[in-house]
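Take a look at the structure below.
The values are calculated or read from the model by the stated rules, or taken from the named source; none is laboratory data. Predicted model, so just to flag it, every value in this text is computed and none were measured. Positions of Cβ are generated from backbone atoms using ideal geometry, with glycine treated the same way; all protein chains shown enter the neighbour counts.
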Amino acid sequence: HLDYHADNESYLAAKLRLFSGVLEPGGVAVVNPASPVTEKVVNAALKRGCRVMSFGARGKDIRLKAVRRTATGQRLDIAVGGRDFAVTLPLIGGFQTDNALCALALAIACGGETEKAVAALGALEGVPGRLQHVGDVSDAAVYVDYAHTPDALSAVLRVLRHHVSGRLHLVFGCGGDRDRAKRFEMGEVAAFLADVVIVSDDNPRGEDAAKIRAAIIKSCPNALEVAGRREAICKAVAALGPGDVLVVAGKGHEQGQIIGGEIHPFNDAEVIRDAILAARKEGDG
């Protein structure tokens, strides 16, 4: 958002106006005490004559008491207005916990019934292509994520690590005609944070896909190189065991793969579902 604001201070000032000028007096401001700017938000809201609701591990109105992570989500123990609830949240990552509790607070602040609002958390769905849980096979969970930079890939793998009791598998590649320096860096991230890595093709565009893969493998020498993305996904799914987690990274929600000057229909989630069906049939056979 610094494309629109001169600096972080200007950005914060714009956000604070939501509480000091936009929110009607008598309204409710929902805050997370863990945020470094919460005190400023609370002061602005109180000065406006608004009530404040807080959520999170230090929340007074909605308090997160415990978190137990599973391969496909999180089990939350929360207290809402002094009443205890157990919630199965079908989303992973601490940021999703914060988002869910914030949404719960907003629903209650707007007059929603507490029981119905809490129950709705169990039916939440994530954004397609962003840590999207696609399916399960052999007691292993499979995800798709759009991560296509070193920082994003690192963040995804670190989040998933908390949900793995077996091995963390990764399929990824790098786009052609784009930042070439990140290929070595992403290979380093993969080698450091994943247990099993398959390097395949992303959107090679006008570049030689084999050369892109080679650039990644320089920093991830133990990775398996598989040229076709579909074949790579199928190999990864077939190799899963109990407690494992697989993430197919780089393309997320995209519906095509750019090879040369052509866009070929391709969606990671659809290919994963096909691979899971094939793996199940193989297991039944």
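Answer with yes or no whether residue 126 is surrounded by 14 or more Cβ atoms within 10 Å (Cβ to Cβ) and either touching an Asp or Glu at 6+ places or on another chain (Cβ under 9 Å) or closer than 27 Å to residue 259 by Cβ (or both). Give the derivation first.
Values: surrounded by 14 or more Cβ atoms within 10 Å (Cβ to Cβ): yes; either touching an Asp or Glu at 6+ places or on another chain (Cβ under 9 Å) or closer than 27 Å to residue 259 by Cβ (or both): no.
Against the criterion (surrounded by 14 or more Cβ atoms within 10 Å (Cβ to Cβ) and either touching an Asp or Glu at 6+ places or on another chain (Cβ under 9 Å) or closer than 27 Å to residue 259 by Cβ (or both)), residue 126 does not qualify.
One line per residue, one yes/no per condition, for (1) under 22 Å from residue 35 (Cα atoms); (2) out of contact with any Leu (no Cβ under 9 Å at 6 or more places or on another chain); (3) in the same structural domain as residue 29 (by TED's automatic domain parsing); (4) in a loop (DSSP other than H, G, I, E, B):
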| position | (1), (2), (3), (4) |
| --- | --- |
| 75 | no, no, yes, no |
| 85 | no, no, yes, no |
| 92 | yes, no, yes, yes |
| 95 | yes, yes, yes, no |
| 101 | yes, no, yes, no |
| 105 | yes, yes, yes, no |
| 116 | no, yes, yes, no |
Requested in this report: Scan region 117-133 and report the pairs whose first residue is within 16 Å of residue 246 (Cα to Cα) and whose second residue is of a type outside the set (A, V, I, L, M) and not in a loop (DSSP other than H, G, I, E, B), with Cβ atoms within less than 6 Å and a gap of 6+ or a chain change.
Outcome: 131/143; 131/145; 133/143
Query raised in the report: Is there a residue in region 196-210 that is at pLDDT 95 or above, over 23 Å from the mean Cα position of the chain (by Cα) and at positive phi?
Result: yes
Query raised in the report: For residue 127, are the conditions met, namely being assigned to a strand (DSSP E or B) and farther than 30 Å from residue 26 by Cβ?
Result: no
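Of all residues in region 152-163, which are more than 11 Å from the chain's Cα centre (by Cα) and either surrounded by fewer than 19 Cβ atoms within 10 Å (Cβ to Cβ) or small (Gly, Ala, Ser) (or both)?
The initial filter retains those residues of region 152-163 that are more than 11 Å from the chain's Cα centre (by Cα), namely 154, 161-163.
Within region 152-163, 154, 161, 162 meet the criteria.
Regarding residue 67, is this residue of a type outside the set (Gly, Ala, Ser), out of contact with any Phe, Trp or Tyr (no Cβ under 7 Å at 6 or more places or on another chain), at pLDDT 95 or above and closer than 25 Å to residue 154 by Cα? Spell out the reasoning first.
Numbers: of a type outside the set (Gly, Ala, Ser): yes; out of contact with any Phe, Trp or Tyr (no Cβ under 7 Å at 6 or more places or on another chain): yes; at pLDDT 95 or above: yes; closer than 25 Å to residue 154 by Cα: yes.
Spelling it out, residue 67 is indeed of a type outside the set (Gly, Ala, Ser), out of contact with any Phe, Trp or Tyr (no Cβ under 7 Å at 6 or more places or on another chain), at pLDDT 95 or above and closer than 25 Å to residue 154 by Cα.
Would you check which residues across region 256-278 are in a helix (DSSP H, G or I) and more than 18 Å from the chain's Cα centre (by Cα) and list them? Walk me through it before giving the result.
As a first pass, look at region 256-278 and keep what is in a helix (DSSP H, G or I): 268-278.
Those that are in a helix (DSSP H, G or I) and more than 18 Å from the chain's Cα centre (by Cα): 270, 271, 273, 274, 275, 276, 277, 278.
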Query raised in the report: Of the residues that make up region 159-177, is at least one in contact with a His (Cβ under 7 Å, 6 or more places away or on another chain), part of a strand (DSSP E or B) and outside the structural domain of residue 72 (by TED's automatic domain parsing)?
Result: no
Requested in this report: Looking only at region 95-123, count how many residues are at pLDDT 95 or above and under 26 Å from residue 233 (Cβ atoms).
Outcome: 0
Query - In region 164-185, residue surrounded by the fewest Cβ atoms within 10 Å (Cβ to Cβ) [restricted to those that are of a type outside the set (Phe, Trp, Tyr) and within 16 Å of residue 226 (Cβ to Cβ)] - result: 169
**Report entry** Number of the condition not met by residue 191 [criteria: (1) outside any loop (DSSP other than H, G, I, E, B); (2) hydrophobic (A, V, I, L, M, F, W, C); (3) under 19 Å from the mean Cα position of the chain (by Cα)]
**Finding:** (3)
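Could you check region 43-61 and list, in sequence order, the residues that are more than 29 Å from the chain's Cα centre (by Cα) and crowded, with 16+ Cβ neighbours inside 10 Å?
Correct list: 44, 45, 48, 50.
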Requested in this report: Quick one: in region 131-158, of everything that is in a helix (DSSP H, G or I) and of a type outside the set (A, V, I, L, M), which residue is nearest to residue 92 (Cα to Cα)?
Outcome: 158
Query raised in the report: Between a first residue in region 49-61 that is of a type in the set (A, V, I, L, M) and a second residue that is assigned to a loop (DSSP other than H, G, I, E, B), which pairs have beta carbons less than 9 Å apart while being 6 or more apart in sequence or on different chains?
Result: 52/60; 52/61; 53/59; 53/60; 53/61; 57/33; 57/34
Requested in this report: For residues that are over 20 Å from residue 140 (Cβ atoms), of a type in the set (Asp, Glu) and part of a loop (DSSP other than H, G, I, E, B), tally how many sit in region 205-255.
Outcome: 3
